[in-house]
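The values are calculated or read from the model by the stated rules, or taken from the named source; none is laboratory data. As the structure is a computational prediction, the values presented were derived from the model and not from experiment. Methodologically, a virtual Cβ is constructed for each residue, glycine included, from the backbone with ideal geometry; neighbour enumeration extends over all protein chains shown.
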Ligand code: ATP
């Protein structure tokens, strides 16, 4: 497909705010796409150039892209920057500054009569691969070659792809709806695609397989090394005593719940890769875990699920989560690994010696896990008890709290206690130390807007408009405006922290009622943890909006707890969860 053709679809997607229309446009696009390019088209539509877990880094910020535009147009980089200040976007600046298509720098990058989708992929990969001395120059020239030879409208999206500013407003679930609609007749056929995506985390692979081998091919997509699996999640209950009733198993494993960072480890011989909760590659951040997995896991190939915790072996206590976050860094990694050593607490096995373990029961997975892990100081299985009644669970929970832990995760031992990738179901139930408020758990919400601060808060924000994720519809719906819980320093930092998510109008996929319209908009990017008193019905917020009563759900007395940088907006608390909490509060059960 010509890139110019794809760009016409991008334009249409950008212009619509109707979810159904978006799905129809995507379906038309996917029907037209060939098997060879459909994966690339999916990545581009989401503003990426490869699956999110592949660490493909173009190494080009706005300024370098600006310098490439200047090269293509034969003008001074400062002129480009001035234009960007005026139009607000490098993509739009490229349209205005570069004249008619003209061939340039063909020695570094050339293509046929017109740019194809494959040409663009090839060019972007060449930019990503350029390394070593002189690489910035090479990257600039490759982009300049593409920009100069592209038609004006193509330049906009080319530059936006490179600078990470695509923002078509298409989410992953909408994209899957589009695929279902194109190849399975209707968006209602999305579930098996979603399931395959949970297992392989590569939407391009799902699309390509569907195009090539149909639904049966998609159903055969299985676990593979170095392709992260979406983590299984835990449900919550209003009271500890509810756990045995809900979990659907007489025998329950209660495991220690650590407040660290979820890490999925993939081992292939002596090679090890680590993925975060957001499924990004964090191997380089934890050289110590890599070493421990290599040494302590006896299976030749394995995929483990567990939590990295900063544990002070000398004092026998866990450091708070914030301390572990200091390990999230690009530079001086080994110095920090020595200062804040991490223990990897393993609690599940997803793959071993060439076989997937997803469809095996928890007891079976655990039994194999015990056989392939040689426990040491810095790599150990999560401590647990096997309980058959509430008393045993409560005893273990209290002992965990005394040890400074966050709580417990109870796991079903029934025959069907499979590892359900990406799902939050009743086989796993978490119970955390109460925060001394009425809500048993905090919510992770996405910042979508802000109101200007007044008086003491002039110059920063007075409150943030926060939203939950509606997975079914792939939209973000507001739950509260939150202005408390921040320290003065955190408040002062807010505008800077959120600056790169600012949008000049209500972003696609954000649903805000007229009364809640904020002074400033943000594209869904930043997630924060919020504590609240209770959930009430409200005409102001769109969470779980009921068109009949014209009411949604709102969180009362929200307080900021902390930022959740390890979570993507789609991993925020869902509207369904909030609705369930609301029903529980009213004593209606789930
Ligand atoms: P969630 O991961 O459920 O979206 P969250 O990130 O806010 O929510 P919590 O509510 O604290 O986290 O609980 C679930 C998380 O607890 C898991 O994602 C995992 O990182 C962590 N965890 C710690 N110990 C365990 C354990 N033994 N089994 C499963 N998860 C555990």
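Brief remarks follow.
- If the condition is being part of a strand (DSSP E or B) and under 17 Å from residue 418 (Cα atoms), then segment 213-237 contributes 233, 234, 235.
- Qualifying residue in segment 207-222 (condition: farther than 15 Å from residue 39 by Cα, touching a helix residue (DSSP H, G or I) at 6+ places or on another chain (Cβ under 8 Å) and in contact (Cβ under 8 Å) with a residue 60 or more places away in the chain): yes
- Answer residue from segment 267-278, given it is in a loop (DSSP other than H, G, I, E, B) and in contact with a strand residue (DSSP E or B) (Cβ under 8 Å, 6 or more places away or on another chain) and is nearest to residue 328 (Cα to Cα) among those: 276
- Identity of the residue in segment 402-434, in a loop (DSSP other than H, G, I, E, B) and closer than 22 Å to residue 238 by Cβ, that ends up farthest from the ligand (Cβ to nearest atom): 434
- A count restricted to segment 256-275 and to residues that are buried (at least 20 other Cβ atoms within 10 Å of the Cβ) and within 12 Å of the ligand (Cβ to nearest atom) stands at 7.
- Any chance residue 484 is away from the ligand (no atom under 14 Å from the Cβ) and modelled with pLDDT under 95: yes
- In segment 1-65, counting only helices (runs of 4 or more DSSP H) that sit wholly within it, the ones holding 2 or more residues that are at pLDDT below 95 span 3-15, 19-32.
- Being in contact with a helix residue (DSSP H, G or I) (Cβ under 7 Å, 6 or more places away or on another chain), surrounded by 14 or more Cβ atoms within 10 Å (Cβ to Cβ) and in contact (Cβ under 8 Å) with a residue 24 or more places away in the chain is a description that applies to residue 244.
- Checking the stated criteria, residue 263 turns out to be in a strand (DSSP E or B) and either in contact (Cβ under 8 Å) with a residue 12 or more places away in the chain or in contact with a helix residue (DSSP H, G or I) (Cβ under 7 Å, 6 or more places away or on another chain) (or both).
- Single residue of 172, 107 found to be surrounded by fewer than 21 Cβ atoms within 10 Å (Cβ to Cβ) and under 30 Å from residue 83 (Cα atoms): 107
- Count of segment 330-387 residues which are within 16 Å of the ligand (Cβ to nearest atom) and in a helix (DSSP H, G or I): 6
- Filtered by the rule that a residue be within 13 Å of the ligand (Cβ to nearest atom), under 18 Å from residue 369 (Cβ atoms) and either outside the structural domain of residue 343 (by TED's automatic domain parsing) or in contact with a helix residue (DSSP H, G or I) (Cβ under 8 Å, 6 or more places away or on another chain) (or both), segment 276-308 gives 304, 308.
- Residue that is farthest from the chain's Cα centre (by Cα) [pool: residues in segment 502-520 that are part of a strand (DSSP E or B) and either within 16 Å of the ligand (Cβ to nearest atom) or more than 21 Å from residue 471 (Cα to Cα) (or both)]: 520
- Filter result (over 16 Å from residue 298 (Cα atoms) and buried (at least 16 other Cβ atoms within 10 Å of the Cβ)) within segment 348-363: 356, 357, 358, 360, 361, 362, 363
- Of the residues screened, residue 492 is not one that is more than 16 Å from the ligand (Cβ to nearest atom), more than 20 Å from the chain's Cα centre (by Cα), crowded, with 18+ Cβ neighbours inside 10 Å and outside any loop (DSSP other than H, G, I, E, B).
- Matching residues in segment 560-583 - criterion: being more than 16 Å from the ligand (Cβ to nearest atom) and either on the phi > 0 side of the Ramachandran plot or in contact (Cβ under 8 Å) with a residue 40 or more places away in the chain (or both): 582
- Set 476, 486: member being under 21 Å from the mean Cα position of the chain (by Cα) and surrounded by 17 or more Cβ atoms within 10 Å (Cβ to Cβ): 476
- Residue match in segment 112-119 (condition: within 19 Å of residue 61 (Cα to Cα) and in a loop (DSSP other than H, G, I, E, B)): no
- Residue selected from segment 535-550 under the condition surrounded by 19 or more Cβ atoms within 10 Å (Cβ to Cβ) and in a strand (DSSP E or B), by the criterion nearest to the ligand (Cβ to nearest atom): 535
- Summed over segment 175-203, residues that are over 18 Å from residue 423 (Cα atoms) and surrounded by 21 or more Cβ atoms within 10 Å (Cβ to Cβ) total 8.
- On the stretch given as segment 241-255, residues that are assigned to a helix (DSSP H, G or I) and either more than 30 Å from the chain's Cα centre (by Cα) or more than 15 Å from the ligand (Cβ to nearest atom) (or both) total 5.
- Any hit, segment 314-327, residues being in a helix (DSSP H, G or I), within 11 Å of the ligand (Cβ to nearest atom), touching a residue at least 24 places away in the same chain (Cβ under 8 Å) and surrounded by fewer than 21 Cβ atoms within 10 Å (Cβ to Cβ): yes
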